[in-house]
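Just so it is clear, none of the values below were taken in a lab; they were calculated from the coordinates. Predicted, not measured: the structure shown is a model, and the values here were computed from it. All Cβ positions, even for glycine, are placed from backbone atoms using ideal geometry, and neighbour counts span all protein chains on display.
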Amino acid sequence: MANQDIIEKITALARDRFIVRLEGDDVEKLLELADEGLKAKKVVRLQRISKGTNGWRTFIIVSARNADEAELSQHWSASCREELLDPEASDLYLIIIPDYDLTLDECINIESSEKFCRKFVLRPSETIDELLARTFLLPIGTASLEGGIQDPLTLALKDIHNQLPQFGETQQSVWRRFLLTATSGQELVDKIFNNDSSETNETP
């Protein structure tokens, strides 16, 4: 059920920007690489609708019933990466939907390792919409979509606030404005870390 839900949401988000492939020889080959212990698994392949763009991005999705299956899903990602050719091997993403108690720290610990691929774990109290908003599917600069999805930059700034409560809404707005400009690297650093009261008091 969770896998079907996420497939539908990925398809909806990808519409008009990506070709979505849910079946085919390439999909079946990747599914066959998974350990037999992974019962609930899906593969979604996405190709951007753009002239001259031929590469595919791949989501492998697992509903893990326990920690062993979560570990097996990471082994599966390693096998998929070996199967895919460059540059597609670098566009591999693992989504784990835990069907067991997993703490926020445990989710972040899994996600922090980008060995083999980028990983996303559904966190406690997080919705699938919110998880997908942390992926490339939601364009940066989109404040929200139907259902309350927020863009990855907004979510990242909120994550900083969760760890540093003093990083309030005003400062988040300042950082967001700076990060969405075409400012050079050094100038961006100077603005973020040396912004004066006039910058902070500007209307976002």
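Can you compute the charge dipole magnitude of the stretch 1-114 about its Cα centre, using +1 on each Lys and Arg Cβ and -1 on each Asp and Glu Cβ, nothing else charged? Give it in debye, rounded to the nearest 20.
Value, rounded to 20: 740 debye.
Say each of residue 86 and residue 189 gets a label point 7 Å from the Cα, pointing the same way as Cα to Cβ; how far apart are those two points in nm?
2.9 nm
Quote the relative contact order of the stretch 1-136 in percent (integer), defining contacts as alpha-carbon pairs under 8 Å separated by 6+ residues.
Reported relative contact order: 20 percent.
Could you list 77, 173, 90 in order of exposure, starting from the residue whose Cβ has the fewest other Cβ atoms within 10 Å?
90, 173, 77
Beyond 25 Å, what percent of the Cα pairs of the stretch 11-116 remain?
22 percent
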